[in-house]
Amino acid sequence: MASNDNNRFQAIIAHAKEYGFVFPSSEIYDGLSAVYDYGPWGSELKKNIRDYWWKNMTQMHENIVGIDAAIFMHPTTWKASGHVDNFSDPMIDNKDSKKRYRVDHLVEAYAETLPKEKADEILSNLEKLLANEDFAGVKKLIDDNKIKCSVSGTANWTDVRQFNLMFSTQLGSVAGEADTIYLRPETAQGIFVNFLNVQKTARMKVPFGIAQVGKAFRNEIVARQFIFRMREFEQMEMQFFVRPGTQKEWYEYWREERMKWHLSFGTPKEKYQWHVHAKPAFYADNAVDIEYEFPFGFKEIEGIHSRTDYDLSQHQKFSGKKMQYFDNEINQNYVPYVIETSIGLDRMFLLVLSQAYAEEKWTKEDGTEDSRTVLRLPAKVAPIKLAILPLLKKDGLPEIGREIMKDCRDEFYCFYEEKDAIGKRYRRMDAIGTPFCITVDHQTKEDQTVTIRDRDSMKQERIPIAKLKEIVKAKIKGE
Ligand code: GAP
């Protein structure tokens, strides 16, 4: 597959570890499958993406407010939402290796080895069979194509069965008092159960939205592709409550809004595509994914779902509490319909990293070769915005650098470094995506100017220290 660039992907994973972005969880014990930790620059980048989403949703939309609900919820929540009965994936086990696969992943991996036309045919058959929940048909497709287990190398398969993806645990420490509760598999339910609390306390009028960012947990059977599919991950979700009958137009509105948000990172349009669901999840009447072309192909980054009044009605039924809104414009009580936008923060992080990563080589004016690995991160989400680099560790240059640091760090994340040759320091800043570096040199002492270097063009210009803060702030804003 043309878009399948495994070497590039492996290089991105190695870079993320070497430069403090992402580490395998509990690595000293050989890691934990599909669980990752974010390092110093990774946690900063992740926070900046989260903040950018949060600001866009709440501060920039007068009719959206945020909440921060607990991960643990009353167990009936998941019965009402349908997750206890329906939140499962069709799986198949290889009888020889005992390895379990999600059938879509198994077939997709097989399709990647085929010419495009044949691959498309098999994937389209699979989609139809899954849409009809025809698991015997899926098994036949796997058998007919003699798809093999990568561990045993055999095609000795069980039937296709459904497995629930929720993690469960016990609440309470005394035997007998214990009760099964779940680690939430989506943040959305924390929003639904708080619908009336928020509507009343924040005095919201339909149409309005509730946004939330938080951890979600899924016992993914085939967890692979680095932070793309994790067992513990973070979601950024927004439920937009609308008058019944208006859901189609709001669905279209949010499709457009969310694509605008993605493109505001400067990512070229052709790196994105839409995937309309033949069979939306059990709670939705319409669903579309935004897919991004990762180094391993086009994959889902965000889902936009028209969830009807399913969730609120279910909670009304199971709790016995009214989940209705009185619309005084039409003088009617109703259970609002919901349009949901749901994006994985870790996936967005991987998107930003994949898009930014570049290995560059060029010939210098003196004919020698040079190279660098650079993260061309959008300045607004880059972990460090400005590196302050005195040319020498003497002659009063560090003192000037420290003064600049003191003056700027309240406004944006600054980093001070005086060790090593300036070229080496530039390369380190390129590798973690720092958009601007300034050098303090002897001329600074004479005319209070510094050189500012642009990460992407590597061009340098002299600017007065007095204007530095405003210039960097404007550049971060993209002005
Ligand atoms: N509330 C709706 C919902 O959870 P979803 O399509 O299952 O819908 C939404 O998930 C988004 O969450 C996905 O588009 C993806 O970005 C992210 N996501 C889902 N499962 C994930 C996993 N195992 N690891 C990382 N991100 C995941």
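Compared with the dominant Cα axis of the chain, that is its longest principal axis, helix 6-18 is turned about 60°. The loop-placed trypsin sites (Lys or Arg not before Pro) in the stretch 388-459, going by DSSP, that have at most 15 neighbouring Cβ atoms within 10 Å of their Cβ come out as Lys393, Lys394, Arg409, Lys419, Lys459. In this Cβ point-charge picture (+1 for Lys and Arg, -1 for Asp and Glu), the stretch 117-257 has a dipole of about 280 debye about its Cα centre. Relative contact order, whole percent, for the stretch 1-93 stands at 14, derived from Cα pairs under 8 Å and 6 or more residues apart. The packing ranking of peptides 381-387, 282-288, highest mean first, is 381-387, 282-288, where packing means the average number of other beta carbon atoms within 10 angstrom of each residue.
In loop segments of the stretch 298-356 as defined by DSSP, the trypsin sites (Lys or Arg not before Pro) with at most 15 further C-beta atoms inside 10 Å of their C-beta are Lys321, Lys322. Measuring against 18 Å, Cα to Cα, the residue pairs Lys269/Lys477; Lys215/Lys279; Lys95/Lys139; Lys445/Lys467; Lys17/Lys46; Lys99/Lys299 contain Lys269/Lys477; Lys215/Lys279; Lys99/Lys299 as the ones spanning a longer distance. As a length-normalised measure over Cα pairs under 8 Å and 6 or more apart, the relative contact order of the stretch 185-276 settles at 27 percent. With the highest mean first, a sort of the peptides 98-108, 200-210, 359-369, 327-337 on other beta-carbon atoms found within 10 angstrom per residue produces 98-108, 200-210, 327-337, 359-369. Summing charges over neighbours of Ile290, with a neighbour being any other residue whose Cβ is under 10 Å away from its Cβ, gives -2 when K and R count +1 and D and E count -1. Applied to the stretch 126-133, the Karplus parametrisation 6.51 cos²θ - 1.76 cosθ + 1.60 on θ = phi - 60° returns per-residue 3J(HN,Hα) values of 4, 4, 5, 4, 5, 4, 8, 6 Hz, with x for Gly and Pro. Computed about the Cα centre, the dipole magnitude for the chain is approximately 520 debye when only Lys and Arg (+1) and Asp and Glu (-1) carry charge, each at its Cβ. Counting only protein heavy atoms, what percent of the accessible surface of the stretch 384-476 is carbon or sulfur at a 1.4 Å probe? Solvent-exposed carbon and sulfur of the stretch 384-476 make up 51 percent of the total. In this structure, the amide hydrogen of Ser152, modeled 1.01 Å from its nitrogen in the peptide plane, lies closer than 5 angstrom to those of Ser97, counting only residues at least 5 positions away or on a different chain. Accessible area per residue for the chain, computed on protein heavy atoms with a 1.4 Å probe, is 49 Å².
The values are calculated or read from the model by the stated rules, or taken from the named source; none is laboratory data. Everything quoted here is computed from the prediction, not taken from an experiment. Methodologically, a virtual Cβ is constructed for each residue, glycine included, from the backbone with ideal geometry; neighbour enumeration extends over all protein chains shown. What goes into the accessible areas is simple: the full protein's heavy atoms, side chains included, and nothing from ligands, DNA or RNA. Shrake-Rupley method; radii C 1.70, N 1.55, O 1.52, S 1.80 Å.
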